Every structure is written in C-alpha cells, then in structure tokens.
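I have placed the structure first, in the form of structure tokens, so that the comments after it can refer back to it.
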Amino acid sequence: MPGTLLIIDDEKDIRLLMKEIFDEEGYDVFLASNGTQGQQLWQEHRPDVIFLDIWMPDTDGLTLLKNMAHDQWLEHSTVIMMSGHGTIETAMEATRHGAYDFLEKPLSLAKVILTAERAFEHNRLKSENTAWRRQQPKHIMPIGKSKIIRELRDTITRLAKYTMPVLINGDAGVG
C-alpha cells in the first residue's frame, strides 16, 4: 500500500523527476524547494518518507535533520538523505542523527524506488514494534505473598535502578 513522500531538494529537475516516478508507483508526493518549505509541508502532511538534500540555499539538510530529530519528527517519518557532494563523513553524521539511508547524486532511479520501499517497510516494522511494546507489561515481577517473595520484589526494585545484569534463579514452587 503506497504512502506519502516529501521530497526536499533545491534542484527542480530532481524534484519533478522523483515526483513523476513516485506518482506512477501510486504514492502521494509533496515537493519542497528549500528547508523552510519542507518543514511547513511536513507539518501539514506528516509524510511517511522524506527525501532530503544536504545542500540547499536556506539551510543545509544536516541542520534540518538535526531539527527533525530534536522535534521528534523521526518518530513518524523516515529520512533519506541525498547529496551530489557527499562524503563518507557526511553520510555517517547523517545516520548518527537519525537518517535511514544516504543516496549519492546522480540518483539511480531503481535505487531510489528500492530505498523508498525499504523505508516504508522500516516504518511498518517500527509501528508494529511500538504497538507490541505497548501491549507488554512494564515489569514482570515474581508472584506470591510469602516473606521471601516480598523481599525478592524489593531487591529487584532496588537493583532496577542500576544498569547491570542480574540472574534470579531457584526451583519453582519452593518460595
């Protein structure tokens, strides 16, 4: 089931070509020629996937990505960075700040489509995982009313404040 895409790139030809490709695939596509326009369209449409150019006149894509992460956009959208002048360091920084992938220009149309499909699958899995976690109890504590079980629950609560592994063992049913 196709979703919603936002393409933020200052190069008109790239925006229009990507729109044409994704329109044919059945996606809803929104276009922005700069970061400011991209932020506005994101807030209006909450796209599933954002293709974001690194070098733009008003703001660079990395700064916009950092703002997206800070404003928790990445909880709802997956960002794919694009650049014709990208370096490994730029790609690594983008992924450190939450980008799903990094594509080099000139863009391979097949790779663009495949990356978008993977990003949509990533969103679906992230959503399923979030729903599953909401269904799980926060803490699973030993069940029982005996003094030993109460003490065990107190010990677990005290140790839960620390980040260290703890092994609790014993025969079932012995209290």
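Quick note: the coordinates plus some simple rules give every number you see, no bench work behind them. Treat the numbers as computed from the prediction; the structure is a model and nothing was measured. So basically every Cβ, Gly included, is an ideal-geometry build from the backbone, and we count neighbours across all protein chains shown.
Details
- Between helix 35-45 and the chain: long-axis angle, C-alpha atoms, 0 to 90°, nearest 10: 60 degrees
- Mean Cβ neighbour count within 10 Å, used as a protection proxy, ranking 20-26, 79-85, 115-121, 127-133 highest first: 79-85, 115-121, 20-26, 127-133
- Overall form of region 68-115 per C-alpha gyration tensor (a/c, 1.5; a/b vs b/c): oblate
- Shape of region 1-78, Cα gyration tensor, a/c cut at 1.5: oblate
- Global geometry of region 72-175, whether rounded, prolate or oblate, following the gyration tensor of its Cα atoms and the 1.5 cut on a/c: prolate
- Once backbone amide H atoms are built at 1.01 Å from N, L6 has F30, V49, I50, F51 as its partners under 5 Å, excluding neighbours fewer than 5 places away on the same chain.
- Proximal lysines to K66, defined as alpha-carbon separation beneath 27 angstrom and excluding residues fewer than eight positions away on the same chain: K12, K19, K105, K111, K126
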